[in-house]
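Report on the structure given below.
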Amino acid sequence: MTREEAATALDSNATEVRLQGARFFSRISETDDLQRIKAALRRETVPWIRRALLSAVARAEQAPPQQVAQLPSADDLGGLDAQQIFAKAAEEVADSLIHELAPVVGLLRVVLPKELDGAYESSQSRRYLDQLHGLMTAIRDLKRANAVPTYKQFTLAELIAEVIEAVPNPGGATIQPAGISRLIVSADKDQLRLAISNGLRNALEAVQLHSIAKPPKVVVTWGATQSENYVVIKDTGPGFNGDPAAALKLGATSKNGHVGFGLALAQQAMLSMQGDIALKNDEDGAHFEIRWFRDNENLIR
């Protein structure tokens, strides 16, 4: 899609066409695009298109004027756009960090137990090393969350079953899945997995610490409206401290030994697909909800 085609798309009566235009500008908007983007934003009522346009405004407001600094065209860069270049750079930086850190962490895991003579398991060194390992994992996940999404069709129930099986549940909390078994969705599967995994992991950690239900329970539901897909995770834990939205910030955590990346990574993964996350406290625990645009899907019950 060219810039002219994207500008025309913003005026379309078709939701899917406007979304394509909004996504184009969310990736490579410039200062000169601001007027048309803001005009489209004033008219737009569809939430996921508004989110893409807001991303476009933020990007354009940070961009230098065209006459001062002109980005290379996609043709000059072998078909890559600015977002793809950014994603590639982020991937290379993350890979370099992991490449340098992983051997050091691996060696420390071997050497420290020997040097501490059996005291390693209860030592501060182990706790700090576990935190470093968690940070490395978060760097990998941050790279994935910010990547340009690749949309594919798949069965949402199967992905959720895979997530439930893979997420640690040391407290043995009951996980109750409830949704349309054959709902086919269009999404970036890795980014959606990242978002659901972190939401479920947060819920399981919450009920392990405290639960109003015995045994502790987490309910995972999913489905689709006429325009959006959704996944909701509800737990019977103590809920979020203070403003739930604050939990979406990088580094926000109330748990000792956590880097505080989990829900922020989930949020970034959904924003990459022009989706969103909503957090709130209910009477019986916390409510974690993700939504994204429903595009070219088949609903089979």
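The listed residues are ARG50, ARG18, ARG59, and the only one of them that is closer than 27 Å to ALA187 by Cβ, charged (D, E, K, R) and modelled with pLDDT under 80 turns out to be ARG59.
Pairs meeting the criteria (first residue in the stretch 188-206 and over 20 Å from ASN281 (Cβ atoms) and at pLDDT below 90, second residue among the small types (Gly, Ala, Ser) and surrounded by fewer than 24 Cβ atoms within 10 Å (Cβ to Cβ), beta carbons under 7 Å, at least 6 apart or on different chains) are GLN191/SER272.
The residue that is nearest to GLN20 (Cα to Cα), counting only those in the stretch 270-290 that are modelled with pLDDT of 80 or more and buried (at least 20 other Cβ atoms within 10 Å of the Cβ), is GLY275. Entry remark, the stretch 193-237: residues being surrounded by fewer than 19 Cβ atoms within 10 Å (Cβ to Cβ), part of a loop (DSSP other than H, G, I, E, B) and of a type in the set (Ser, Thr, Tyr) number 2 in total. Taking each residue of the stretch 110-121 that is aromatic (Phe, Trp, Tyr) and looking for partners that are surrounded by 12 or more Cβ atoms within 10 Å (Cβ to Cβ) with beta-carbon atoms closer than 6 Å, six or more apart or interchain, yields TYR120/LEU112; TYR120/PRO113; TYR120/ARG126. Within the stretch 167-181, residues that are assigned by TED's automatic domain parsing to the domain that holds VAL218 and within 13 Å of LEU204 (Cβ to Cβ) have Cβ atoms under 9 Å from residues that are of a type in the set (S, T, N, Q) and at pLDDT 95 or above in these pairs: GLN176/THR221, counting only partners at least 6 apart in sequence or on another chain.
The values are calculated or read from the model by the stated rules, or taken from the named source; none is laboratory data. Predicted model only: the values in this text are computed from it and were never measured. Cβ atoms come from the backbone with ideal geometry, glycine included; neighbour counts cover every protein chain shown.
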